[in-house]
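Take a look at the structure below.
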Amino acid sequence: MEKKVLRAKYKQLREALTPVACDEKSLAIANNLLQLDIWSFETYHVFLTIEKLKEINTEYLLNILNGKDKNIVVSKSDFEALTMQHFLLTDNTTLKINNWGIPEPQNGFEVQSQQIDVVFIPLLAFDKQGNRLGYGKGFYDRFLASCKTDCLKIGLSFFEAEDALEFSAYDIPLTHCVTPNKTYRF
């Protein structure tokens, strides 16, 4: 299936979810993440939820990371350069929702991509080989390409895997994807 068609399909599937269903599925994903052997690392990058797009609620994941006293990194997007700048999330970090509905840090300590051990990745769809379909701007592919080679790349999805997705040489595959019902390892 073409990327454009798949994006439309998964946006529609998300739109059909009730707020209660989004929360229940987000909690199930967080509980499944607890079963992974990923908690010995120090620095974790987490996307902050775009509520209007019914993305996975990462508050549950943030609570887990805080409870484990981990370094949490969040990003600020540059929509002209299509890049992200990363900041340590602390009690003093001010977040502001940008024009796209993304909560972003307004201040803080910058963190370089090479310092990040685990990246939790938003996506619309993924396949059984670890390829993912995002919103199409390439922010995460550029970011992941700058991370260290052994960085874990964990997709979070409300839905199960497609058999196969179109992908290009620039697409960075996942190492894992966690859904409410299953954990995939690639």
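The values are calculated or read from the model by the stated rules, or taken from the named source; none is laboratory data. Predicted model, so just to flag it, every value in this text is computed and none were measured. Note that we place each Cβ from the backbone using ideal geometry, even for glycine, and neighbour counts take in every protein chain shown. Only protein heavy atoms, including side chains, enter the accessible area calculation; ligands, DNA and RNA are left aside. Shrake-Rupley method; radii C 1.70, N 1.55, O 1.52, S 1.80 Å.
Since only Thr94, Gln112, Thr49 are under comparison, the one whose Cα sits farthest along the positive direction of the charge dipole of the chain, derived from C-beta charges on Lys, Arg, Asp and Glu, is Thr49.
So how do 124-133, 60-69 stack up, highest first, on mean other-Cβ count within 10 Å? Provide the component values of the computation, followed by the final result.
Numbers: 124-133: 21.1, 60-69: 15.0.
Averaged packing, sorted descending, gives the order 124-133, 60-69.
Based on Cα contacts under 8 Å between residues 6+ apart, the chain shows a relative contact order of 23 percent.
Calculate the dipole size of segment 16-95 relative to its Cα centre from +1 charges on Lys and Arg beta carbons and -1 charges on Asp and Glu beta carbons; express the result in debye to the nearest 20. Don't skip to the end; give the middle numbers.
Values: 6 positive and 11 negative charges, 20 e Å.
For segment 16-95, the charge dipole is close to 100 debye.
Run the accessible area of segment 1-155 with a 1.4 Å probe and give the carbon-and-sulfur part as a rounded percent. Numbers along the way, then the final one.
Values: 4070 of 8170 Å².
In segment 1-155, the share of accessible area belonging to carbon and sulfur is 50 percent.
Dividing the C-alpha radius of gyration of segment 116-186 by 2.2 N^0.38 Å, with N its residue count, gives 1.00. Ser113 sits with roughly 20 Å² accessible to a 1.4 Å probe, with DNA, RNA and ligands left out of the calculation. Comparing segment 55-186 with the 2.2 N^0.38 Å rule of thumb, its C-alpha radius of gyration ratio is 1.05 (two decimals).
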